[in-house]
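Asker: Got a structure for you, written out below as structure tokens; questions coming shortly.
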Amino acid sequence: MIHYQHSENSNMNHRKFKHRDINWLYFNERVLLEAANKDTPLLERLKFLAIFSSNLDEFFKVRISQLRQLKKVDKQLRKKLVLKANKKLKFILKTVNEQQEVFGRVVDDTLNELRKHQIYIRDIAELDEGQKAFLTAYFNANIKPFCKLLDTDTTFEPADGQLYLLIDFGQGKFDVLTIPSKECERFIALPGEGSNFIFLDDVLRLNLNDFFKGEEVIGSYSIKISRDAELYLEDDYEDTHLVEKIYQSLGQRKSGQPTRLLYDADLPENLRNILKNSLGLGTVDMISGGRYHNMSDFFDFPIPEHTEALQYRPLPPLEHPKLSLSEAIFDDISEKDQLVHFPYQSFSVVERFIHAAAIDQGVTTIKMSLYRIAKSSKLTDSILLALKNGKKVLLFVEAQARFDEKNNITWGRTFEEKGAKVLFSVPNIKVHSKVALVEREEEGRLKRYAYIATGNFNSKTAKLYCDHGLFTAHDRITQDLSQVFDVLERKLIIPKLKHLLVSPFTTRNKFMELVQNEMNFVKTGKAGKITLKMNSLEDTKMINALYEASEAGVEVRLIVRGFCCLVPKKEEDMLPNEKPIVITSIIDRYLEHGRIYLFENGGDELMYMGSADWMTRNLDRRIEVLTPILDSDIFGELRAILQIQLSDNVKARFLDAKSSNERVLPLPKEPEIRSQYTIYDYLKRKVR
């Protein structure tokens with residue numbers, strides 16, 4: 001267990017909400033705990049280190065960016081936001097520094113343990129003459145062409161996320177050289193027996209004297225700058241007039257402002273000060289790190305042969321018991337709703353559905369919302385094939401899917417050129433839903449087929465994210481979904497929905513109504529129970545509703561993967577009839593991404609599944625779609641999976657008032673349940 005001084009939460013019993021950014025740090029701590037966990041296979045620990053590093057980079061680009069910019073806002077405007085940006089920022093940076101120290105120790109421990117298994121990341125001092133000669137030749141042929149010197153005399157502008165070596169020549173004179181990790185492998189295999197690698201950074205260090213001929217290199221130090229992402233205050237604040245006033249007060253607010261300089265702890269102080277002044281950074285923005293940065297590159301660490309024991313046991317994607325072998329996929333969906341689960345089952349069923357629509361003579365129209373598009377995939381090939389075959393294709397491509405904007409827009413333009421009707425944005429609203437609608441002529445009438453999911457149409461992320469997708473031909477659901485696309489096309493302003501929950505129109509009110517229903521059932525002597533699984537819980541109105549339900553005697557059980565702003569009460573602080581709110585989080589080999597909402601409903605349970613978390617932006621400022629689960633078999637299957645996750649006592653951790661991240665442990669004689677493995681085995685039995 002990793003412990004910090006949780007000073008921000010020291011008075012938590014008297015608060016109703018945790019700060020989302022501070023609580024996010026404790027989510028990332030759970031990732032780091034998996035990297036530090038000796039039960040995590042050794043090579044998999046590298047991936048958790050990569051995830052932690054990648055998460056933190058995004059956090060600085062997005063969340064720290066916002067706090068930094070908002071602290072410049074007029075004090076009266078900040079008061080309206082109920083925000084003390086300076087205080088929050090200082091606490092966050094202090095906590096990040098503590099986590100970075102732990103991260104460095106975990107990296108060292110992991111690399112030392114790799115050595116015990118004859119997997120070595122060598123430093124320059126360990127190289128023999130033959131290896132040095134190999135690396136010099138390798139550098140000249142494969143690396144040197146990509147190395148560039150920054151202009152440090154006139155405009156010093158290091159790129160966001162780019163690795164650099166600061167080359168110290170003494171007396172304050174230095175150069176900054178790119179480490180071309182995007183063009184070259186970060187880990188280079190060394191010749192000879194065994195599994196020997198070296199950082200790309202050290203290959204540059206080995207050849208600096210040749211690169212800077214005639215100059216004496218005193219030292220070299222890794223540095224990396226993080227820059228602000230574009231500010232999207234609309235995601236966090238409801239008052240659009242206030243948001244616009246803030247934007248006006250900030251002036252230029254686009255991406256680009258330096259947020260953090262991560263530097264080698266051995267970098268001399270005089271050079272640190274020069275960098276700080278050149279980049280316009282404050283002391284709190286200067287973060288000491290290790291000799292190597294961008295540990296997210298551990299995602300691509302070369303896996304040596306015969307190291308299966310150092311990796312997770314294989315879990316090859318299962319075939320869907322019906323759709324994977326279907327020769328008439330529309331008939332099978334028409335006959336009965338079908339549910340798929342990723343990554344446990346193959347994403348190919350979604351690809352087959354879109355491909356079938358592309359070649360089926362009866363299909364007239366394909367409509368999809370695309371949030372994160374893969375750079376190339378069978379899915380995009382099928383959309384292009386549909387256009388070639390004369391189908392009407394309507395695509396809503398989200399142009400503000402953070403960090404995927406460029407790829408999404410490129411694909412959108414390609415589809416548009418091939419004849420698709422492509423919509424890129426809705427004013428002031430993002431489209432976060434993961435839905436598809438196929439219209440097909442059958443016996444002289446139009447029949448619709450829908451796919452509603454918790455995850456993106458992306459085959460790569462479907463191998464890493466735990467998601468669910470529903471295929472249905474249910475008339476009411478498909479009619480509702482058709483209205484959603486009418487809204488996206490601006491044909492309809494407010495949909496008249498009967499079954500689907502669609503943000504920003506019906507989701508919040510329906511969930512509030514369902515929570516109130518549970519309280520009403522308790523008043524009549526029946527059991528009240530709310531079971532929710534989501535990525536993030538932040539919306540204050542929904543949290544207050546859960547507080548009220550708990551105080552009324554409703555049992556509230558939550559699974560929240562990321563940050564959670566709800567503060568569970570201690571037993572001694574509870575009212576006489578109050579039921580505790582129990583929250584757990586699961587971090588394991590896959591990223592939990594599904595959203596499932598289950599209500600006892602007086603014994604006649606109701607369940608919804610879809611794209612929306614309980615964040616204000618997901619309820620009020622994004623197009624989100626959640627579907628009721630109407631098929632009894634599918635209801636039972638999804639409920640069983642949810643119950644397995646609620647029972648996890650291997651990878652689950654409690655989200656308590658102190659953000660302690662304490663593990664959920666099995667009771668005496670209780671079997672260990674690792675939910676992701678148990679779900680895989682459960683679905684595997686269903687295939688048989």
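The values are calculated or read from the model by the stated rules, or taken from the named source; none is laboratory data. Keep in mind the model is a prediction, meaning the values are calculated, not measured. Here the Cβ positions follow ideal geometry from the backbone for every residue, glycine too, while neighbour counts run over all protein chains shown. Only protein heavy atoms, including side chains, enter the accessible area calculation; ligands, DNA and RNA are left aside. Shrake-Rupley method; radii C 1.70, N 1.55, O 1.52, S 1.80 Å.
Asker: Looking at segment 321-350, which of its residues are open to solvent by 20 Å² or more (accessible area, probe 1.4 Å), under 19 Å from Gln361 (Cα atoms) and assigned to a helix (DSSP H, G or I)?
Answerer: Asp331, Asp332, Ser334
Asker: Mind listing just one residue for me: the one in segment 642-660 that is out of contact with any Phe, Trp or Tyr (no Cβ under 6 Å at 6 or more places or on another chain) and among the polar types (S, T, N, Q) and, of those, most open to solvent (accessible area, probe 1.4 Å)?
Answerer: The selected residue is Gln643.
Asker: A further question follows. Please enumerate the residues belonging to segment 574-591 that are touching a helix residue (DSSP H, G or I) at 6+ places or on another chain (Cβ under 8 Å) and either aromatic (Phe, Trp, Tyr) or within 21 Å of Asn661 (Cα to Cα) (or both).
Answerer: Passing the criteria: Pro580, Ile581, Thr584, Ser585, Ile586, Ile587, Asp588, Arg589, Tyr590.
Asker: Quick check on segment 561-588: of everything there that is out of contact with any Leu (no Cβ under 8 Å at 6 or more places or on another chain) and buried (at least 16 other Cβ atoms within 10 Å of the Cβ), which residue is nearest to Gln643 (Cα to Cα)?
Answerer: Residue satisfying both the conditions and the ranking: Ile586.
Asker: Do we have Arg639 as out of contact with any Pro (no Cβ under 9 Å at 6 or more places or on another chain), of a type in the set (Lys, Arg) and surrounded by fewer than 17 Cβ atoms within 10 Å (Cβ to Cβ) here?
Answerer: Considered against the rule, which asks whether it is out of contact with any Pro (no Cβ under 9 Å at 6 or more places or on another chain), of a type in the set (Lys, Arg) and surrounded by fewer than 17 Cβ atoms within 10 Å (Cβ to Cβ), Arg639 comes out as yes.
Asker: Now for a separate question. Tally up the residues in segment 422-471 that are over 29 Å from the mean Cα position of the chain (by Cα) and either open to solvent by 30 Å² or more (accessible area, probe 1.4 Å) or basic (Lys, Arg) (or both), please.
Answerer: The number of residues fulfilling the criteria is 9.
Asker: Name the pairs: first residue in segment 188-217 and in contact (Cβ under 8 Å) with a residue 12 or more places away in the chain and closer than 19 Å to Leu150 by Cβ, second residue open to solvent by 50 Å² or more (accessible area, probe 1.4 Å) and basic (Lys, Arg), Cβ to Cβ under 8 Å, at least 6 apart or on different chains?
Answerer: Asp201/Arg291; Asn207/Lys144; Phe211/Lys144
Asker: Write out, first by first residue and then by second, each pair whose Cβ atoms fall under 7 Å of each other, whose residues are 6+ apart or on separate chains, and whose first residue, in segment 294-312, is open to solvent by less than 20 Å² (accessible area, probe 1.4 Å) while the second is of a type in the set (Asp, Glu).
Answerer: none
Asker: Here's another thing I want to ask about it. Would you confirm whether or not segment 104-112 contains a residue that is under 25 Å from Pro268 (Cβ atoms) and surrounded by fewer than 16 Cβ atoms within 10 Å (Cβ to Cβ)?
Answerer: Yes: segment 104-112 contains one or more residues that are under 25 Å from Pro268 (Cβ atoms) and surrounded by fewer than 16 Cβ atoms within 10 Å (Cβ to Cβ).
Asker: Which pairs have Cβ atoms under 9 Å, sit 6 or more apart or on different chains, and link a residue in segment 596-621 that is within 13 Å of Asn535 (Cβ to Cβ) and open to solvent by 10 Å² or more (accessible area, probe 1.4 Å) to one that is part of a helix (DSSP H, G or I) and of a type in the set (Asp, Glu)?
Answerer: So the pair list comes out as Arg617/Glu234; Arg617/Asp235.
Asker: Of the numbered conditions (1) at pLDDT 80 or above; (2) surrounded by 14 or more Cβ atoms within 10 Å (Cβ to Cβ), Lys388 satisfies every one except a single condition; which is it?
Answerer: Of (1) at pLDDT 80 or above; (2) surrounded by 14 or more Cβ atoms within 10 Å (Cβ to Cβ), only one is false for Lys388: (2).
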